[in-house]
1. On the protein heavy atoms, probe 1.4 angstrom, tell me the percent of accessible surface of region 11-85 carried by carbon and sulfur.
2. Starting from the Cα of Val67, step 7 Å along the direction of its Cβ; do the same at Ala17; then give the gap between the two resulting points in nm.
3. Choose one of Tyr63, Ile49, Ala16: the residue whose Cα lies farthest towards the positive end of the charge dipole of region 1-79 (beta-carbon charges +1 Lys, Arg; -1 Asp, Glu; about the Cα centre).
4. Which FRET efficiency value, to the nearest 0.05, do you get for Ile55 and Ser78 by plugging their Cβ-Cβ distance into 1/(1 + (r/R0)^6) with R0 = 22 Å?
5. Return one whole number: the accessible area per residue of region 1-65 in Å², for a 1.4 Å probe.
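The values are calculated or read from the model by the stated rules, or taken from the named source; none is laboratory data. None of the values given here were measured: they were computed from a predicted structure. Neighbour counts run over all protein chains shown; Cβ positions are idealised from the backbone, glycine included. Just so you know, the surface numbers come from the protein's heavy atoms only, side chains and all, with ligands and any DNA or RNA stripped out. Shrake-Rupley method; radii C 1.70, N 1.55, O 1.52, S 1.80 Å.
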Amino acid sequence: MIFFKDEDDEFAINKAAFCVLDMLRVKGKVINVFLKEKALETVDMGVGITYGDVIVTKIGIPYTYDVKVFGDCVNLASKYSGGMNNDKSVSRD
């Protein structure tokens with residue numbers, strides 16, 4: 001999960017979109033090439049982008065905690081990414 005925060009929403013959205021394109025490019029040209037060379041199964045990946053307010057918190061004790069994110073936009077991005085294997089979808093909901 002990647003977060004972008006900027007006072008200019010359009011700028012943050014553009015950063016997120018370019019990040020997705022880079023992630024898909026690296027997956028295809030580096031990760032899956034490496035996996036194929038090792039005769040391993042390649043990976044597919046879906047990416048969902050949305051924006052909105054979130055709550056970010058640490059859960060656990062020092063040195064052994066997880067970072068959790070809660071918010072409607074997190075759930076929506078997860079939903080968008082679910083069926084997108086190696087594809088992109090853009091929404092302004």
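1. The C+S portion of the solvent-accessible surface of region 11-85 is 59 percent.
2. Label-label distance for Val67 and Ala17, simple model: 2.5 nm.
3. The residue sitting most towards the positive pole is Tyr63.
4. 0.90
5. 82
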